[in-house]
Amino acid sequence: MLASALVSWVDGGGGTGALLLSAVITGLVGEAMLTGSEASTRADAGIAFASVAWSWLAVSVAGALPYLLGGVFSWAHADDALFESISGFTCTGSSVIANLDRVPAGLLFFRSMTHWFGGMGLIVLAVAVLPALKVGGLELVASEAPGPTADQLTPRVAETARRLWVLYGAVTAVVTIALLAAGLSPFDAVTHSFATVATGGFSPHGESIAFFDSFAVELIIVLGMLYCAANFSLHWQAVTTGPSAYRRISEFRWYLWLIFGSFGLLLALNLGQLDLVENLRESLFYTVSIGTSTGFVSSDYALWVPAAQITLITLMVVGGMSGSTAGGIKVLRLQMMVRYAVREVIRARHPSAVSSMRIGDRVIPEQVAARAIGFVLLYIGLIVVGGVVVTALGTDLLTGFAGAASAIGNTGPALGDAGPHSTFLAFPRPARGVLMALMMFGRLELFPSLLMFVAGTRAVSRASRQRRLRRA
């Protein structure tokens with residue numbers, strides 16, 4: 001908020017006071033909470049993740065203040081300010097701001113910064129915390145991509161975070177310099193690099209990347225999105241040991257095959273509808289933008305043939321690699337689902353055969369595969385339930401289900417009335433509340449998110465037992 005206030009003051013377009021006041025309020029509340037609390041001495045994974053999850057929600061509430069105090073939303077529409085904040089910190093990129101041209105530059109800079117911090121928070125979460133919880137199959141992250149990972153919740157997490165911040169900041173600087181070289185203003189270069197590196201998708205322009213109409217800008221952003229939707233632990237290993245690290249990781253090969261295979265499919269599906277150059281440009285951009293759950297927009301893909309739109313929805317559900325800033329179920333879980341299906345087909349033909357599942361050189365334990373399959377089923381179930389609820393609250397079928405898939409996949413644009421050139425104001429206010437919950441579940445992972453409630457319930461139960469014992 002303070003950094004954005006400085007940008008606002010230099011720009012002179014308003015919003016400085018709102019950002020400074022928001023910073024003061026947030027700082028005072030945070031200091032009061034810090035003074036009245038102490039760190040747990042027990043290495044309890046449930047408490048640790050509950051702290052992460054509730055902190056993420058608290059940060060999102062604080063992030064709504066600049067929008068309210070800056071007049072972007074009225075206090076009667078505080079839920080819209082919260083939606084914009086949650087969309088930023090979860091790196092979703094869905095917006096309910098009808099006219100970005102009327103928003104001061106300082107507030108737009110803050111909006112982009114919410115992406116940047118949210119993306120880094122996710123990386124540390126996915127690389128250092130989730131593998132230790134052994135949920136959803138992500139414990140394979142540490143074994144597939146050794147590097148700055150934490151096998152358990154220890155002070156090593158701080159060192160992990162430090163290394164990842166260095167890499168994250170360096171990638172942001174490289175993308176910013178490249179965009180400056182492509183002709184963007186410093187403001188546009190920095191804000192779009194924040195959204196690219198976080199695979200978030202917020203742009204200070206209503207037309208998104210189409211505003212620049214530059215292939216050079218699109219290519220730089222495509223390369224940035226591809227890099228940041230891959231495992232950052234793997235990137236660190238490649239920096240320290242050499243590029244050969246990429247060849248050893250099967251998930252990385254699957255990730256590239258998925259992206260470029262989908263690119264080829266979109267090219268074929270759009271033949272006859274787009275000219276060759278336009279087809280190449282748009283198919284590449286949207287394969288990467290949607291496949292990495294970034295959600296930048298360069299044209300209206302809602303005008304494509306239905307098969308091409310279904311391809312994009314599929315990419316939206318899968319997302320990027322584990323340990324990246326991308327959303328979705330992750331390529332690692334897709335691998336496990338495919339391996340599991342192949343093994344079951346073999347078992348049906350040879351019931352007595354002993355067949356193991358492998359990812360690269362590693363055998364996948366049965367319990368890990370079961371957790372991954374359970375995660376995927378729950379993920380798809382939430383899309384269905386979310387789509388039904390959103391549709392029942394007043395949207396058409398396509399808009400409702402595509403919106404639910406986009407929200408839980410942290411992608412941004414959807415289909416129907418919430419397509420690439422629309423905002424999420426297309427959804428009724430109650431439906432936007434459902435989408436906010438899906439964004440949080442998608443970003444913080446499904447199973448661990450339940451721990452934010454379980455840990456709190458357990459603490460209340462423990463306190464209640466202690467009171468009963470004291471009375472006895």
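Of all residues in segment 378-391, one or more are of a type in the set (Val, Ile, Thr) and over 28 Å from ASP80 (Cβ atoms).
Filtering segment 312-335 for residues that are farther than 27 Å from ILE364 by Cβ and either in contact with a Lys or Arg (Cβ under 6 Å, 6 or more places away or on another chain) or buried (at least 23 other Cβ atoms within 10 Å of the Cβ) (or both) leaves a non-empty set. In segment 405-419, which residues are surrounded by 23 or more Cβ atoms within 10 Å (Cβ to Cβ) and more than 12 Å from GLY327 (Cα to Cα)? Correct list: PRO413, ALA414, LEU415, ALA418.
Restricting attention to segment 323-375, the residues being in contact with a helix residue (DSSP H, G or I) (Cβ under 7 Å, 6 or more places away or on another chain), modelled with pLDDT of 85 or more, part of a loop (DSSP other than H, G, I, E, B) and not small (Gly, Ala, Ser) number 2.
Scanning segment 190-218 for residues that are part of a helix (DSSP H, G or I), under 21 Å from the mean Cα position of the chain (by Cα) and under 26 Å from HIS235 (Cα atoms) yields VAL190, THR191, HIS192, SER193, PHE194, ALA195, THR196, VAL197, GLU218.
Within the set LEU398, LEU377, the sole residue that is surrounded by 18 or more Cβ atoms within 10 Å (Cβ to Cβ) and without any contact (Cβ under 8 Å) to a residue 24 or more places away in the chain turns out to be LEU398.
Every residue, every condition in (1) within 25 Å of HIS115 (Cα to Cα); (2) free of Cβ contacts under 8 Å to residues at least 24 places away in the same chain, yes or no:
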position: THR325; (1), (2): yes, no
position: VAL338; (1), (2): no, yes
position: VAL342; (1), (2): no, yes
position: ARG347; (1), (2): no, yes
position: ILE359; (1), (2): no, no
position: ARG371; (1), (2): no, no
position: VAL385; (1), (2): no, yes
position: ALA405; (1), (2): yes, no
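Which members of segment 282-303 meet the condition of being among the aromatic types (Phe, Trp, Tyr) and either in contact with an Asp or Glu (Cβ under 6 Å, 6 or more places away or on another chain) or outside any loop (DSSP other than H, G, I, E, B) (or both)? Break it down into steps so the answer makes sense when it comes.
Applying the first criterion (among the aromatic types (Phe, Trp, Tyr)) to segment 282-303 yields 285-286, 296, 301.
Of everything in segment 282-303, those that are among the aromatic types (Phe, Trp, Tyr) and either in contact with an Asp or Glu (Cβ under 6 Å, 6 or more places away or on another chain) or outside any loop (DSSP other than H, G, I, E, B) (or both) turn out to be PHE285, TYR286, TYR301.
Take the residues of segment 282-310 that are without any contact (Cβ under 8 Å) to a residue 40 or more places away in the chain and out of contact with any helix residue (DSSP H, G or I) (no Cβ under 7 Å at 6 or more places or on another chain): which is surrounded by the fewest Cβ atoms within 10 Å (Cβ to Cβ)?
PRO306
The residues of segment 237-281 that are of a type in the set (Lys, Arg), touching a residue at least 60 places away in the same chain (Cβ under 8 Å) and in a helix (DSSP H, G or I) amount to a single one, ARG281. Take the residues in segment 244-255 that are of a type in the set (A, V, I, L, M, F, W, C) and over 19 Å from the mean Cα position of the chain (by Cα); name whichever of them is surrounded by the most Cβ atoms within 10 Å (Cβ to Cβ). Out of the qualifying residues, it is ILE249.
The values are calculated or read from the model by the stated rules, or taken from the named source; none is laboratory data. Fair warning: this is a prediction, and the values are worked out from it, not measured in the lab. Please note: Cβ atoms are built from the backbone with ideal geometry, for glycine as well, and neighbour counts cover all protein chains shown.
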